[in-house]
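Working notes for the structure below.
Please treat every number below as a calculation from the coordinates, not as lab data. These numbers were taken from a predicted model, which means no experiment stands behind them. Cβ coordinates were reconstructed from backbone atoms using ideal geometry, including for glycine residues, and neighbour counts include every protein chain displayed.
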Amino acid sequence: MEKHSFKDWVVATRPWSFPASVMPVAVAFVWLWSKEVPVVWWLGALAVLNIILVHAAGNVWSDIADYRSGVDAADTFGVRQLVDGHFTPSEFMRLSLMLNLLAVGLGLVMVWLTGWPLLAIGIVGVALSVCYPRLKYMALGDVVIILCYALLPMLGTSFIAAGKFVCGVLWLAVPVGLITVAILHVNNVRDVTTDRRAGIHTLPMLTGRGFGRWLYVFEVLFPYVWLVLLVVLNVVSWPALAVFLSLPVALGNVHDVMDRNDTEGTKLARLDERTAQLQLAFSALLIIGMAVTHFIG
């Protein structure tokens, strides 16, 4: 059996994907702070750590399911640790179990520190993470992503940070969540042929790849329109429009997804990674804008 370094185990969790879960928590926390809601910063740090553990466990669990179902194979894009034999499924299973136990343990500590209402958020989040592969194969992956990486963590963060559920934070779940969903969606647009061979169903398979491309365009451009609406409604202040500095990245991704001359799929191949980078840039600029709001009043 191949001996693995600590770095190997970390890489197996796909840490480059963590901003997709961390940024919604950070956005929610800073929005509360910008609205002069009293927040507990160290509890926010625990929330970030907890969602990273849940995300890491879910990544590993999903990779096991994709490998066993044939979604990940020698001729497919994506994760290679199991396909190339660097890890065994049993090693991944132990890693996922350990990460889930750590996440549940930390989650229970946070429930003890904040209150029982948080438990409901945690139970739903862990359940969706465990069921994600099955739901993804039923074309429900997009729904799970927007729940697990936008609505639930942002609502849960409001309770952790402020001691109560602040539903206003869900206004921001729309733009951040849509770009996060776009990461999975463009992956599925790219993999329509190999996913069909594996016998699973994804949204682009049901709607067609052409509509799937247009849906991706909506998912990465509508957030900018939504932010303008939030400024008009005074949900956020005008410095939040700093997100428009990331618009050229979004437009570049749109150009690539709509390039019909890309018959080899070379532009689609890494578009999920570039969409993750867009999500990070959009969220970081939104955080900066809201922080500026706090200081200028």
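Got a sec to turn the phi values of the stretch 45-55 into Karplus ³J(HN,Hα) couplings, 6.51 cos²θ - 1.76 cosθ + 1.60 with θ = phi - 60°, whole Hz, x for Gly and Pro?
With coefficients 6.51, -1.76 and 1.60, one gets 5, 5, 5, 4, 4, 5, 6, 5, 4, 4, 5 Hz.
Exactly which trypsin sites (Lys or Arg not before Pro) in the stretch 1-49 are in a DSSP loop and have at most 15 other Cβ atoms within 10 Å?
Values: sites: LYS3, LYS7, LYS35; in loops: LYS3, LYS35.
The qualifying sites are LYS3.
Between the stretch 9-45 and the stretch 221-251, how many Å separate their Cα centres?
Distance between centres, Cα-based: 20 Å.
As an exercise, identify the GluC sites (Glu not before Pro) in the stretch 213-278 lying in DSSP coil whose Cβ has no more than 10 other Cβ atoms within 10 Å. Working shown, then result.
On the way: sites: GLU219, GLU264, GLU273; in loops: GLU264.
Sites meeting the loop and neighbour criteria: GLU264.
Mean residue ellipticity at 222 nm from the helices of the chain, using -39,500 (n - 2.57) per DSSP H segment of n ≥ 4 over the full residue count, to the nearest 500 deg cm²/dmol?
-23000 deg cm²/dmol
Could you pull out the chymotrypsin sites (Phe, Trp or Tyr not before Pro) across the stretch 156-197 that fall in loop regions by DSSP (anything but H, G, I, E, B) with no more than 16 other Cβ atoms inside 10 Å?
Those that pass, being in a loop and sparsely packed, are PHE165.
In whole Å, what three semi-axes, largest first, describe the equivalent ellipsoid of the chain built from its Cα gyration tensor (square root of 5 times each eigenvalue)? List each step's numbers first, then the result.
Numbers: eigenvalues 190, 132, 47 Å².
Equivalent ellipsoid semi-axes, largest first: 31, 26, 15 Å.
Report the FRET efficiency, 1/(1 + (r/R0)^6), for ALA73 and ILE296, where r is their Cβ-Cβ distance and R0 is 51 Å, rounded to 0.05. Before the final figure, lay out the partial values.
On the way: r = 53 Å, r/R0 = 1.05.
Efficiency, rounded to the nearest 0.05: 0.45.
Could you order peptides 21-31, 231-241 by the average number of other Cβ atoms within 10 Å of their residues, highest first?
21-31, 231-241
Give me the extension gain from LEU147 to ASP8: residue separation times 0.36 nm, minus the current Cα-Cα distance, reported in nm with one decimal.
Working: separation 139, 0.36 × 139 = 50.04 nm, distance 2.95 nm.
That pair, LEU147 and ASP8, stretches by 47.1 nm at full extension.
Quick one: among GLY212, GLY177, GLY115, which has the greatest mean-square fluctuation in a GNM of the chain with alpha-carbon springs under 10 angstrom?
Comparing GLY212, GLY177, GLY115 in the GNM, the peak value goes to GLY115.
Fewest Cβ neighbours within 10 Å first, please rank MET98, MET110 accordingly.
So the residues, fewest neighbours to most, are MET98, MET110.
Using θ = phi - 60° and the Karplus form 6.51 cos²θ - 1.76 cosθ + 1.60, what ³J(HN,Hα) does each residue of the stretch 13-27 get, whole Hz, x for Gly and Pro?
7, 6, x, 5, 8, 4, x, 4, 9, 6, 5, x, 5, 5, 4
Would you calculate the separation in nanometres between label points at MET138 and MET98, each defined as 7 Å from the Cα along the Cα-to-beta-carbon direction?
Each label point lies 7 Å from its Cα, and together they span 3.2 nm.
For the stretch 11-292, what is the charge dipole size about the Cα centre, in debye to the nearest 20, if Lys and Arg each add +1 at the Cβ and Asp and Glu each add -1 at the Cβ?
For this selection, approximately 300 debye.
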